[in-house]
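What follows draws every value from the coordinates through simple rules; no lab data is involved. Computed from a predicted structure; not experimentally measured. For neighbour counting, all protein chains shown are included, and Cβ atoms are generated from backbone atoms with ideal geometry for every residue, glycine included.
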Amino acid sequence: MGTRIDGLEGGRRAFLQAIGAGVLANAALVPLAWAAETKTLRAAITGYTVIGTLDPAVVKSISESMTLWAIFNALVKFDEKMTIVPDLAESWAVDGNAWTFKLKKGVKFHDGSEMTADDVKFSLERLRDPKTESPYKSKLDAVASIDIVDPYTVKITTKEPFAPLLTFLTNTRTGTQIVPRKAVEAMGAKEFGQKPVGTGPFKFVEYIPGQKIVLEAHKEYFVQSEPKVDRAEIALVAQETSAVNAILAGNMDLSSSAPFADVPALKKNAKIKVSSMVGLNYRYMELNNKQAPFDDVHFRRAVSMAFDRQSLVEVVLFGEGAPANGLIPPGIPAAYDTTPRKTNTFDPDAAKAELKKSKHPASMPVTVVTFGSSWWKRWAEVFVDQVNNTLGTQLKVEVTDDNGARTRIYANNIQAAVWGYLGFIDPDEYMYEICHTKGSRNNRGYSNPELDKLLEGARREMDVAKRGALYKKAEAIVAEDVPVISCFSNNAHNLWAPRVSGFVPLPYSAFGSQFGGVSLSS
Amino acid sequence: MLQFLRYLGQRVGGAIATVFAGAIAVFLIMKAAPGDPAMFVLGDFATQQSIAAFRARHSLDQPVLTQLWLWLETVLAGNLGESVSLYAGRDIAQLIGQRMPSTAFLGIYALLLALVSSLVLGTVAALQRGRTADAAVTLFAVVGISMPDFWLGYVLVLAFALTLGWLPAYGFTPPGESLTGALVTGLLPALAIAAPLAAVFSRILRVSLLETVERDYVTAARSMGYNEAFIFINYVLRNALIPFVTIVGLQVRYLLGGVVVIERIFGVPGIGSLMVDAAFARDYAVVQACALTFLVIVLTVNLIVDLVCVLLDPRRSH
Amino acid sequence: MRWLASIGRRIRGNPTALAGTIVMGVLVVLIVVGPWLIPYSPTRMNYSNLLKPPSLAHPFGTDSFGRDVFVRVLYGARVSLFCSLTGILLAAVIGTLMGLLAGYFGRVYEATLMRLADLLFAFPSFVLALFLMFVFGFGVLNVVLAIGLVYLPGFARLARNMTLLVKEEAYVQAAKVSGQTPFRIMTREILPNIAPPLIVRLSLGFAFGVVIEAGLSFLGLGVQPPTPSLGLIMSDAKEYFQRAPWVLTLTGLGISVILLGLNLLGDGLRDMMDPRLRRREEA
């Protein structure tokens, strides 16, 4: 799946929550008069107050993605077991560099036109066009050409075998949703972003800035029995707690998250349903590998072994998460190793021994950058406290805002910073992008040729199990080098009212794409 | 009259100069802050190239003074420009227009609540001077002013929304959609802003009334045998209101400051929350526009208050 | 010593000031001595004691790191009061200087300095502080600076207006005629005479400075951890408000008590310093 960022968004959300900002859209407060005849699904996206655009090629925030997943489809999608299944494509085949997708026939866009191979080619090439300025452009960097075989067959040729491609063509944060060529060309990209037209279960009706997006059922949706409701309204609720209160009060049906602290109490409440599972995300300590003290592998190892990841989860996330054993979270079983790795395990004696080997003294002042004021900030505080207690080091916390933190991390203008990514579904997105010398998320100056070679090989390996084994090997190297300090993965939650049925929770919050099967009892 | 007009001209000119100086100051301040709108727009997918392209497209790679000039040109053309990151591509004047009614409604709602309650409390306290009612009002005033508005917001939510369930905990219906909805959903945020204001106002009104009661014309009216209620309304209250209104006008600066925080806590989609969002997204032009709006409001209110004073007491224009 | 006795007599005669003195007296004792008497550290985390509700051992409960909230509030009050006091003193000193110069010399001084004050004054109070935090980053010193700038224009205006009034008084004119330097006139003749209203403003502003600090920290823009400030404690508590409402509400109550004390004291001080009001109280 596309990378769903968390630094930025986590920060914004953190900020909003910290100050208790809360928007509960009008819809939730004033029931519509005709609610008796029309079934409206009232969903809340928490932590955001802004939708800038709904053009899949250029969306950036998770709130936008969650919304457009209800409006668009991609060639393929993930099912609840996290395997890739057909969506707009009926079937596909891969042969070395060539991927052939057979499209479903008779799929209608919301404007009534039919979706064909031409639209697929247009959508993907548009993403690759530098003029589009798509943040997802790099997802298709491996592609050499996109060809129309016939109106219902598309052939994508890569420069070399590229296993992650299929993940990048799912209806996730990849920008690879299929848009109608005619409508986009007629409106222009900017207007299309304000009046999106897709093939999805819901049609766009209107966006009331800062409040909600109104959608209505796409009557000609290609999945016969869906959608099961007439309308969907997606409210932008700045604070998670407000969405909880709204569901409890019967003013909201569904929420995209839950406040960690309140999950135990909510699970006991009959008026609300809670799903909680370890999410597809990775929270880690970003380190500047070029600057003292983290330019020294011994110092990095010492710090990594100097704190208890389980207690971090208990204190920071109120238990709603799992300690990290590497970069890849347990949600990707093929590449996840259950055997604890030495440097990812709390071991005070080993940590002190490593520190003795370091060329830097414990007394060296170290600043850990964090941002916002929610668990991101508390995470840094607990981390610093534990490491200092174990090693007698002089770590301290510096709080800034998310934009400032991101700017500094990208410029490697830090010593250490809390950071993380959310919604990576392909192991390549964790390992290659974060740790490869040319990885797009490696700004820290880390480079290990042996690891690079392994990760390049994994990109060419089409067999899931064999590929997984390669990533486990790569993880072992990373655990030796400790370029970053893995901390935890937090749980993904959804909340819904008892009148909602057919909502299937996923470890990544697909949200909008989960609306199709939802039905409401009165 | 001519003198008054000259005074008016000077004041309006001064106000406009202040607005521009303020906007320029905000521009320079925001530019000095670390951060980059490209980071907000490109997020995790930012690369050296895409950042450079973004900065070039939005003239962010130009010298600060050039950028300032570009912005001033836009404004002088009667335009507020386009949002770069937060609502990328949208017209800022339109954004402000959409947000303005909520902020104005909340501000006026709070002001009215504060005024009405302080008129009642201040008058009662002055009339009952030295008795229990007076002491009660004084106590309210001191306690009221001792509660930070954001904390009061939470306490009100805890009491009226979470415990009693009378009012919604969060959310705001803009007055354009439903006036009743706005009155109901706006009550708690307006109360949180109004309580400390009401405390200040009622104290001022009480003192002002007490001072007026001792004036010669009141004594004169009393000696002419008018009844007390008539005297109070026509002589005391009317005269006491003048300094009161002046001080109320000066409070607009604090009122707006309160609105910014409270909008965030209750999720009111107003100018205040727009400005904070924009500041976090480093959407400079939007921040500027919001600051400009605030400056215009404060200065207009100040100007009106001053003009009222001058009209009442022409000596002031010298 | 005589002036001390005289102040004491005046405070006793003024119930507001008396109440304020008592509240602040108790608070100051608590804030200064309290942390020594309480066996908990304000920063040391205790993972086995998370989010405990108020009890005898922990009158304000514990926070999400297992720290005693009461002791953190006491330390936090130190930080908050320090920020406010320093900030407002900064504003008072610079603002008074600006106002004195503008009022005494007029012309260019007045035009420049008062324009600057007008400009600062045109910003909604909190907005100004918010901008400053973005530029200077977050931390105690920057909070002080932000509070100072918010108050600066008020002091400048008041000082200028008072100077204009006093300047025409006979004793100032006499000093001028006798050839005293402007510096000497300003410090010896004018300043003592314009001081009372400035002191009153200072004492009343002290309370609002605490509110600004709390608001900034509450938004996550203020003091850096682990330094506890009142706003920071509340800001953290927001995340688990529903689960442990005592942390936010009791800390807020703490702020209210401090503000109550400061406001009562400020009011009392004003009554004592404003002869007109005092006369009425005596009448």
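General remarks:
- The Cα atoms of the stretch A:178-290 cover 53, 49, 29 Å along the three principal axes, with the biggest extent listed first.
- Compactness of chain B was expressed as the Cα radius of gyration divided by 2.2 N^0.38 Å, which yields 1.22.
- Positive-end residue of A:PHE78, A:GLN194, A:GLN415, charge dipole of chain A with Cβ unit charges: A:GLN415
- Taking Cα centre as origin and charging only the Cβ of basic (Lys, Arg, +1) and acidic (Asp, Glu, -1) residues, the dipole magnitude of chain A rounds to 340 debye.
- In chain A, the DSSP beta bridges split such that about 75 percent are antiparallel, to the nearest 5.
- A Cα-only calculation for the stretch C:77-282 places Rg and Dmax at 19.8, 72 Å.
- For chain C, the longest principal axis of the C-alpha atoms and the axis of helix C:191-218 are separated by about 30°.
- Hydrodynamic radius (Kirkwood) for the protein assembly as shown, which is based on Cα pairs only, to one decimal in Å: 31.7
- Normalised by the number of residues in chain B, the mean separation of alpha-carbon contacts (under 8 Å, six or more apart) gives a relative contact order of 26 percent.
- Within a Gaussian network of chain B (alpha carbon springs, distance under 10 Å), most fluctuating of B:SER178, B:SER202, B:SER117: B:SER178
- Report summary: the helix-based calculation at 222 nm, which adds -39500 (n - 2.57) for every DSSP H run with n ≥ 4 and divides by the residues of chain C, gives -25500 deg cm²/dmol.
- 0 to 90° range, to nearest 10: angle between helix B:92-127 axis and chain B longest Cα axis: 20
- Rg over Rh for the stretch A:356-396 works out to 1.05, both radii taken from alpha-carbon positions and Rh defined as the Kirkwood radius.
- Charge-dipole axis of chain A as Lys and Arg at +1 and Asp and Glu at -1 on Cβ define it, positive-most pick from A:GLY106, A:THR167, A:SER363: A:SER363
- Among the listed pairs A:LYS268/A:LYS466; A:LYS352/A:LYS377; A:LYS195/B:LYS31; A:LYS139/A:LYS396; A:LYS137/A:LYS228, those beyond 31 Å (Cα-Cα): A:LYS268/A:LYS466; A:LYS195/B:LYS31; A:LYS139/A:LYS396; A:LYS137/A:LYS228
- Averaged over peptide B:263-274, the number of partner chain Cβ atoms lying within 10 Å of each residue's Cβ comes to 6.
- Pair-distance profile P(r), taking every C-alpha pair of chain A, with 20 angstrom steps and integer %: 23, 54, 22, 1
- Net charge dipole, the protein assembly as shown: roughly 2480 debye, given to the nearest 20, about the Cα centre with Cβ charges of +1 for Lys and Arg and -1 for Asp and Glu.
- Relative contact order for the stretch A:281-491: 37 percent, from Cα pairs under 8 Å spaced at least 6 residues apart, divided by residue count.
- Counting only DSSP beta bridges whose two residues both lie in the protein assembly as shown, roughly 75 percent are antiparallel.
- Computed over the stretch C:142-283: relative contact order in percent, which uses C-alpha pairs under 8 Å that are six or more apart: 22
- Compactness of the stretch A:281-491 as Cα Rg over 2.2 N^0.38 Å, two decimals: 0.95
- Residues whose amide H comes within less than 5 Å of that of A:LEU75, counting only those at least five positions distant or on another chain, are A:LEU88 (H built at 1.01 Å from N in the peptide plane).
- Spread over its residues, the convex hull of the C-alpha atoms of the stretch B:2-76 is 97 Å³ per residue.
- Put simply, the stretch A:76-183 fits an ellipsoid with semi-axes of 19, 17, 15 Å; these come from the alpha carbon gyration tensor as the roots of five times its eigenvalues, largest first.
- Stretch in chain C that is longest and holds no GluC sites (Glu not before Pro) that DSSP places in a loop and that have at most 14 other beta carbons within 10 Å: C:1-167
- Reach of A:LYS357 by Cα under 20 Å, taken over lysines that are not fewer than 8 positions away in the same chain: A:LYS290, A:LYS342
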